[in-house]
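Enquirer: Sharing a structure below in C-alpha cells format, with a few things to ask.
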Amino acid sequence: MTDLLLLPGDGIGPEVTRQVRRVAEALTPDLTLDERLFGGISYDTHGVPLTDEALAAAKSARAVLMGAVGGPQWADAPRDKRPEAGLLKLRAEMQVFANLRPALCFQPLADASSLKRELVEGLDFMIVRELTGGIYFGEPRYIEDLPGGGQRAVDTQVYTTAEIERVARVAFELARGRRNKVHSAEKSNVMDSGLLWRRVVTDLHQREYADVQLEHILADNAAMQIVKNPKQFDVMVTDNLFGDILSDAAAQLTGSLGMLPSAALGVAGAPGLYEPIHGSAPDIAGQNLANPLAAILSFEMALRWSLGRPADADRLFAAVEKALESGARTRDLGGALTTDQMGDAVLKAL
Ligand code: IPM
Ligand code: MG
C-alpha cells in the first residue's frame, strides 16, 4: 500500500511537490511514495484531468498530496475536462467533505502580512470549509442561449441536513481541542441554504456540543472581521463557496498565500487529501521562485491526520519555524530564495 501519493499537477505544483519529496525522503524514509499525472498535464497526456487509474491510486493510498492544477492554456478545454474539474472530481470521489485550512501566523512573518503586526501576531485560526457540496457541485448547472439573444447561466447552491451536520461536527470537535469557539458563516439573511445551515448547526450545537461557544456570522461580515480583527476567531465553519473565498483572505493575513496548507478529510480511516491552498501561479511557474512551504506544511498535516506520525509532524513544523527564524524567505515573503533553496533551508533545520 502506498503511504503517500503525490499529484504534482500543473504550474508551480511540480516545483513545490519536489520539495515535499525531498523532505519526506529525509524525515520519513520508510514511507512509500508514488506519483501520478493530474490536472492539465494529465489532460494533455491522457485526454482527462484525472484518469481512473490515478483515482484508484488515490483511493488506495493512505494520503494524497496535490500540488496545484490549472493554467491559462486549458481555459478553453471542455468544462468537464478542465484541470479544476479533475480536482472537484477527486474531492468528490474521495468524499473528503471537511477541508481544514489553518491560517497561522508564524512569528517571524508577522511583518510580512499586509495587516499591522499587532493584528496578526499570534494568529491561529482554522477555517473548516465544506468541500464536496454546495454550489460547486449542485445541479442543474448550465449556460443556455436566450431566444432574444444573450445567454443565461445557472449554478445551484444545495445542501442537505446531513452534509451540514457532518462538517459542523468536525468544526465542533476541532474547537474542543483548541480555544473552544466556533463561528458558523452563511448568508441566512438572503439564502434558504443559509437558513438551513444556521438551523442545522444550531440544533447540533444544542444536542451535542453545548459546551462549545457558538456564534453565527453572516459571510460578508465574516470577510470584514477577518481583515479587521482576525484574532477573534478560533474555528470558522462555512460552505464550499464562502470557504474558498474566506480562506484566501485568511491566507494573506499570514504573510503570503504561499504559506497556507490544507487537509481535506472524510470519514475516519479514509485517505485524506492534502493541498496547498495557493493555485498553480502560471506567472512564476517553472522559474524556481514559488514558496514550497504551503506544500511542505500540507505534508506536515498529512503526517498528523492520515499517516499517524504526530512526532514527525511536530519535527517538521519546528523545522519550518526554524527556517523562517533564520531569515529564509522566498520572493512572496520579500526574500530572494529560490524554491530549491527554501527546501534546503527546511532540510537544514530538520
Ligand atoms: C481552492 C481552489 C480550488 C477551489 C480550484 C482550483 C478548483 O481555489 O482549493 O481553493 O475552488 O476549490
Ligand atoms: Mg480557492
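Enquirer: Give the separation of the Cα centroids, region 335-350 to region 59-102, in Å.
Expert: Measuring centre to centre over Cα atoms gives 27 Å.
Enquirer: Here is a follow-up. Rank Ser298, Ser42, Ser256 by mean-square fluctuation in a GNM of the chain with C-alpha springs under 10 angstrom and give only the top-ranked residue.
Expert: Ser42
Enquirer: Could you tell me which of the pairs Lys231/Lys322; Lys116/Lys228; Lys59/Lys89; Lys187/Lys231; Lys228/Lys322 are separated by over 18 angstrom between their Cα atoms in the structure shown?
Expert: Where the Cα-Cα span goes over 18 Å, the pairs concerned are Lys231/Lys322; Lys187/Lys231; Lys228/Lys322.
Enquirer: Given 37 °C and 0.692 mPa s, how large is the Stokes-Einstein diffusion coefficient of region 107-255 in µm²/s, with Rh as the Kirkwood radius over Cα pairs?
Expert: On the way: Rh = 16.5 Å.
Translational diffusion coefficient: 199 µm²/s.
Enquirer: Turning to a different aspect of this structure: Picking from Gln206, Gly148, Ala219, whose Cα lies most toward the positive end of the charge dipole for region 107-255 (charges on Cβ: Lys, Arg +1; Asp, Glu -1)?
Expert: Farthest towards the positive pole: Gln206.
Enquirer: Once you treat every alpha carbon in region 30-166 as an equal point and sum by Debye, what is log10 I(q)/I(0) at q = 0.14, 0.16 Å⁻¹?
Expert: Normalising to I(0) and taking log10 leaves -0.91, -1.05.
Enquirer: Which whole-number percent gives the relative contact order of the chain, counting Cα pairs below 8 Å spaced six or more residues apart?
Expert: Working: 773 pairs, mean separation 77.4, N = 350.
Relative contact order here is 22 percent.
Enquirer: Across all directions of projection, what mean area in square nanometres is found for the Cα convex hull of the chain?
Expert: On the way: hull surface 71.9 nm².
Taking a quarter of the hull surface, the average projection is 18.0 nm².
Enquirer: Which residue, chosen from Leu257, Gly269, Ala336, occupies the Cα position most advanced towards the positive end of the dipole of region 243-350, where the dipole is computed from +1 (Lys, Arg) and -1 (Asp, Glu) charges on Cβ about the Cα centre?
Expert: The listed residue farthest towards the positive side: Gly269.
Enquirer: Starting from the Cα-Cα distance between Glu25 and Gln151, subtract it from 0.36 nm times their residue separation and give me the gain in nm to one decimal. Don't jump to the answer; show the numbers that get you there.
Expert: On the way: separation 126, 0.36 × 126 = 45.36 nm, distance 5.22 nm.
Net length gain for the segment: 40.1 nm.
Enquirer: Given a Förster distance of 45 Å, report the FRET efficiency between Arg79 and Ser326 from their Cβ-Cβ distance, rounded to the nearest 0.05.
Expert: Values: r = 45 Å, r/R0 = 1.01.
After rounding to 0.05, the efficiency reads 0.50.
Enquirer: Tally the DSSP beta bridges in the chain and give the antiparallel ones as a percent, rounded to 5. Each step should come with its number before you reach the end.
Expert: Working: 17 of 43 bridges.
DSSP beta bridges in the chain are roughly 40 percent antiparallel.
Enquirer: Please get the size of the charge dipole for region 107-255, origin at its Cα centre, with Cβ charges of +1 on Lys and Arg and -1 on Asp and Glu, quoted in debye to the nearest 20. Mind dumping the intermediate values first?
Expert: On the way: 17 positive and 23 negative charges, 87 e Å.
Dipole magnitude for region 107-255 comes out near 420 debye.
Enquirer: Ok, one more. Sort largest first and round to whole Å: the equivalent ellipsoid semi-axes of region 241-319, each the square root of five times a Cα gyration tensor eigenvalue.
Expert: They are 22, 16, 12 Å, listed largest first.
Enquirer: How large, in percent, is the carbon and sulfur part of the accessible surface of the chain at a probe radius of 1.4 Å? Before the final figure, lay out each step's value.
Expert: On the way: 7520 of 14490 Å².
Here it works out to 52 percent.
The values are calculated or read from the model by the stated rules, or taken from the named source; none is laboratory data. All figures in this text were calculated on a predicted structure; none of them were measured in a lab. Heads up, the Cβs are rebuilt from the backbone with ideal geometry, glycines too, and the neighbour counts pull from every protein chain shown. For the accessible areas, the whole protein counts, side chains as well, though only heavy atoms, and no ligand, DNA or RNA atoms are used. Shrake-Rupley method; radii C 1.70, N 1.55, O 1.52, S 1.80 Å.
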